[in-house]
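Take a look at the structure set out below.
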Amino acid sequence: MRTDVTIIGAGQAGLAMSHCLTEDGIDHVVVERGSTANAWRTERWDSLRLLTPNWMSRLPGFQYQGSDPEGYMTASEVGDYLDRYRASFDAPVHDETSVDQVTPTDNGFEVETSGGRIDSRSVVIATGACGSPHIPAVAADFPTQTRHLSPIHYRNPDEIEGPVLVVGASASGAQIADELARAGHNVTVAVSNHVRLPRRYRGMDIHWWLEKLGILDEHISDVDDPLKARRTPSLQLVGSPEGRDLGLNELQSSGVRVAGRLAGVADTTVQFSGSLANVIHSADLKQNRLLDRCDEYAEASGLTHELVAAHRPAATSVEALPLTAHTGDFATVIWATGFRPSYPYLPEHFLDAKGGLPQNEGVTDQRGLFILGTTFGTRRNSSFLDGVGRDAAALAGSIRCDLERQLSASAFGGR
């Protein structure tokens, strides 16, 4: 098969890219290892919902039209939403097609797939922000009988036996710890740096405020440390129908035991950091600074009397555990420790020392190779349903210019 562009992945990023290329009349195909929204359907726990409200589900030429704009779609509902998006413009998706190797050639790339070879002038990697779950090396220091899970392999409390240690207290870790405790499990959460925010403030979803303040629109070139910005933990939120908060106070109320960062395992002793108080203080301080900005925006915009009166969440107050525990205290460890990039089909020299693909607003150092949908790829919401579309539209322009240069070079005997 020959085409101008091969898109790898048919989630929100791949479909948004396909829509923009379709609008530009650029021939392309989308290859997907499973079916549309494969990760949403197969790598999410049963109760997971979007962290963003439904009204923020906006993709190029498509947006949420349901009856619950302030609600939060379940993972399966996101899959259905993306199915409808795909059908709305008849995206050229090849399902059940895995990519084995991408090899640069004089005329672009050879993309070897389980369905055969695709000769393509350009390639867009649109596999999203979640690559391979990051399991720290310390996992090997637990007893061999300890069960280890990442959030993409956890499904529900019924499959868990015995006491649980959840490592990480950002969105995934907090939600899983809360769910397990509410189901009656003995749960400890190891807490490191996190971003605490209320689900709603002054009657509005916190993402409404983040949008109004321009935070979600912040460009990667506007931050002092792009690498640090891309490592910012996900917000400590849950997309529950009742719109409840989910911070350390709420976790403790659910019965979760709160410990400091997992520092190591020595013989049969699990060691936790003593910096928990400082971590908590920092998260509370940053939260209140943001809420100060919300109040200032409300005042400057004349919204003070239209919004609910300001009510700040209570300061975090937890009963910290001892700095050590016995490895036998935990039958299962759930590693909510984030993800690392994974591009096994790319040549190693394309990647950096950590396996990432260096890029600038989706354009890589490799001629004709692009990437879309990564965390803070271009803007803070680059990996969101609401943000990937604008990145896709801009990247479509870059792809069009690159294809024109390639065709021009071919006409004069060069690449």
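Values quoted throughout were computed directly from the atomic coordinates according to the rules given, and no laboratory measurement underlies them. In this text, all values refer to a predicted model and were calculated from it rather than measured experimentally. Neighbour counts run over all protein chains shown; Cβ positions are idealised from the backbone, glycine included.
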Completion exercise
For the chain, longest principal axis from Cα atoms; helix 75-88 axis from its Cα atoms; angle between them, nearest 10 degrees, is 20 degrees
Problem - Quarter of the Cα convex hull surface for the chain, i.e. its orientation-mean projected area (nm²) - result: 21.7 nm²
Completion exercise
For region 134-335, the dipole about the Cα centre with charges only on Cβ (Lys and Arg +1, Asp and Glu -1), to the nearest 20 debye, works out at 160 debye
Exercise for the section: Just grab the label-to-label distance for SER35 and SER253, each label 7 Å out from Cα along the Cβ direction, in nm (one decimal). Expected result: 3.9 nm
Completion exercise
With a ≥ b ≥ c from the Cα gyration tensor eigenvalues, square-rooted, and the rule rounded for a/c under 1.5, otherwise prolate when a/b > b/c and oblate otherwise, region 134-335 is prolate
Handout entry: Crossing angle, helix 276-300 versus the chain [Cα axis fit, 0-90 degrees, rounded to tens]
Key = 70 degrees
Practice task
Nearest 5 is fine: what % of DSSP beta bridges in the chain come out antiparallel, could you say?
Solution key: 50 percent
Handout entry: Angle in degrees between helix 388-411 and the longest Cα principal axis of the chain, rounded to the nearest 10
Key = 30 degrees
Exercise for the section: Grab the DSSP H runs of the chain that are 4 residues or longer, score each as -39,500 (n - 2.57), total them, divide by all residues and round the 222 nm result to the nearest 500 deg cm²/dmol. Expected result: -8500 deg cm²/dmol
Handout entry: Sites ASP68 and ARG244 - FRET efficiency at Förster radius 22 Å, r taken between beta-carbons, to 0.05
Key = 0.85
Practice task
Have a look at PRO157, SER282, GLN175 and report the one farthest towards the positive end of the charge dipole of the chain, computed about the Cα centre with Cβ charges (Lys/Arg +1, Asp/Glu -1).
Solution key: SER282
Handout entry: Sites ARG367 and ASP24 - FRET efficiency at Förster radius 25 Å, r taken between beta-carbons, to 0.05
Key = 0.80
Handout entry: Over region 322-415, equivalent-ellipsoid semi-axes from the Cα gyration tensor in Å
Key = 40, 18, 9
Completion exercise
Note, PRO143: beta-carbon cut-off 13 Å, +1 each Lys/Arg, -1 each Asp/Glu, net -2
Problem - Separation of alpha-carbon centers, region 91-112 and region 160-185, rounded to whole Å - result: 39 Å
Practice task
Count charges around ARG182 for me, please; just the other residues with Cβ under 12 Å from its Cβ, Lys/Arg as +1, Asp/Glu as -1.
Solution key: -2
Handout entry: Test item: Cα-centred dipole of the chain, Lys/Arg +1 and Asp/Glu -1 on Cβ, debye
Key = 540 debye
Practice task
Once you have the Cα-Cα distance between HIS311 and SER275, take 0.36 nm times their residue separation minus that, and quote the gain in nm to one decimal.
Solution key: 10.1 nm
Problem - Sparsely packed GluC sites (Glu not before Pro) within region 311-415, loop by DSSP, other Cβ within 10 Å at most 11 - result: GLU319
